[in-house]
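Visitor: Attaching a single structure in structure tokens format; questions to follow.
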Ligand code: NDP
């Protein structure tokens, strides 16, 4: 009941007991004097419906979801925001004033927020590596933000085609698709290059099949991989004179947007980033 205990926000995950985003979100609540708690809960897939019913019954303000719950939660909600609907996945649920629980996707929105600190994406030419969950969320937000042209580069043609089809059907956008077989040469007209794959996660030496000498000074190179924050790709890109954007800022900004959705307060991203890096031991 309001007034008798802090507001509650959940984080439904599987196998993520030491989730560092808990420290990040709770730091924002503490810094802004918000009387709320962010609680990590491990939920196996077959118990998701029970967990959602419990969160509704207990009056949670909302919750985050990580894999494998991002798609299977959709039928358990009362509606979807525009980008979550186009992406077909939800990582953030928000209780509205009328009591409805609406699914949002803050992964792509968090990326866009970080990107907008560096450049105005409208009209830009973008090359996006990957067509999985993170790449899909980013592609949708970039299209909604008004980029000029998108080239998807993905190893498996099926997943690439599925993203291409989703963009055509839900956003009437024609993206180019390249099947990633050899070292990809970045076209000279590219403004923004994004690694949306898991290559480099926990592997500081992992290299994308990408011709590094095709990167040009002034281009923006972004990576969704947040650990290590300075991936091999970002190091190579910086050495070529590119401007770089790490996956940590995307992770922080999806947290910023979540806190804003749940509480109406736009939190201090610096406070959240410091708490996150400390919790990650970086
Ligand atoms: P998915 O499993 O949905 O997609 C993985 C993607 O990576 C696919 O496109 C896959 O290609 C590609 N890939 C993986 N290995 C290779 C390889 N060796 N060569 C070429 N392509 C490869 O994962 P997610 O999209 O959920 O996550 C991707 C990354 O994004 C992870 O590192 C995750 O931690 C990070 N992430 C970061 C967030 C942030 O806030 N910074 C938020 C969410 C995710 P294929 O289709 O051919 O298999």
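Visitor: State whether one or more residues within the range 89-99 are more than 25 Å from residue 279 (Cβ to Cβ), in contact (Cβ under 8 Å) with a residue 24 or more places away in the chain and in contact with a strand residue (DSSP E or B) (Cβ under 7 Å, 6 or more places away or on another chain).
Guide: Yes: one or more hits.
Visitor: From the list 270, 258, exactly one residue is part of a helix (DSSP H, G or I) and within 16 Å of the ligand (Cβ to nearest atom). Which is it?
Guide: 258
Visitor: Continuing with this model, one more query. On the given criteria, is residue 55 under 30 Å from residue 128 (Cβ atoms) and in contact (Cβ under 8 Å) with a residue 12 or more places away in the chain?
Guide: The answer is no for residue 55.
Visitor: Could you tell me whether any residue of the range 129-139 is surrounded by 15 or more Cβ atoms within 10 Å (Cβ to Cβ), farther than 22 Å from residue 89 by Cα and within 16 Å of the ligand (Cβ to nearest atom)?
Guide: Scanning the range 129-139, I find no residue that is surrounded by 15 or more Cβ atoms within 10 Å (Cβ to Cβ), farther than 22 Å from residue 89 by Cα and within 16 Å of the ligand (Cβ to nearest atom), so the answer is no.
Visitor: Cβ-Cβ under 9 Å, sequence separation 6+ or interchain: first residue in the range 112-132 and farther than 20 Å from residue 208 by Cα, partner within 15 Å of the ligand (Cβ to nearest atom) and in a loop (DSSP other than H, G, I, E, B). Which pairs?
Guide: 114/246
Visitor: Working carefully through the options 125, 105, find the one that is within 16 Å of the ligand (Cβ to nearest atom) and touching a strand residue (DSSP E or B) at 6+ places or on another chain (Cβ under 8 Å). Give the derivation first.
Guide: Working: 125 fails: within 16 Å of the ligand (Cβ to nearest atom).
Of 125, 105, the one residue that is within 16 Å of the ligand (Cβ to nearest atom) and touching a strand residue (DSSP E or B) at 6+ places or on another chain (Cβ under 8 Å) is 105.
Visitor: Does at least one position in the range 226-247 carry a residue that is within 13 Å of the ligand (Cβ to nearest atom) and within 30 Å of residue 101 (Cα to Cα)?
Guide: Looking for residues that are within 13 Å of the ligand (Cβ to nearest atom) and within 30 Å of residue 101 (Cα to Cα), one finds at least one in the range 226-247, hence yes.
Visitor: Please go through the range 155-176 and give me each residue that is within 12 Å of the ligand (Cβ to nearest atom), crowded, with 20+ Cβ neighbours inside 10 Å and either more than 22 Å from residue 66 (Cβ to Cβ) or in the same structural domain as residue 80 (by TED's automatic domain parsing) (or both), ordered by number.
Guide: 160
The values are calculated or read from the model by the stated rules, or taken from the named source; none is laboratory data. Given the structure is predicted, the values throughout are model-derived calculations rather than measurements. Every residue, glycine as well, gets a Cβ built from its backbone with ideal geometry; the counts of neighbours run over all protein chains shown.
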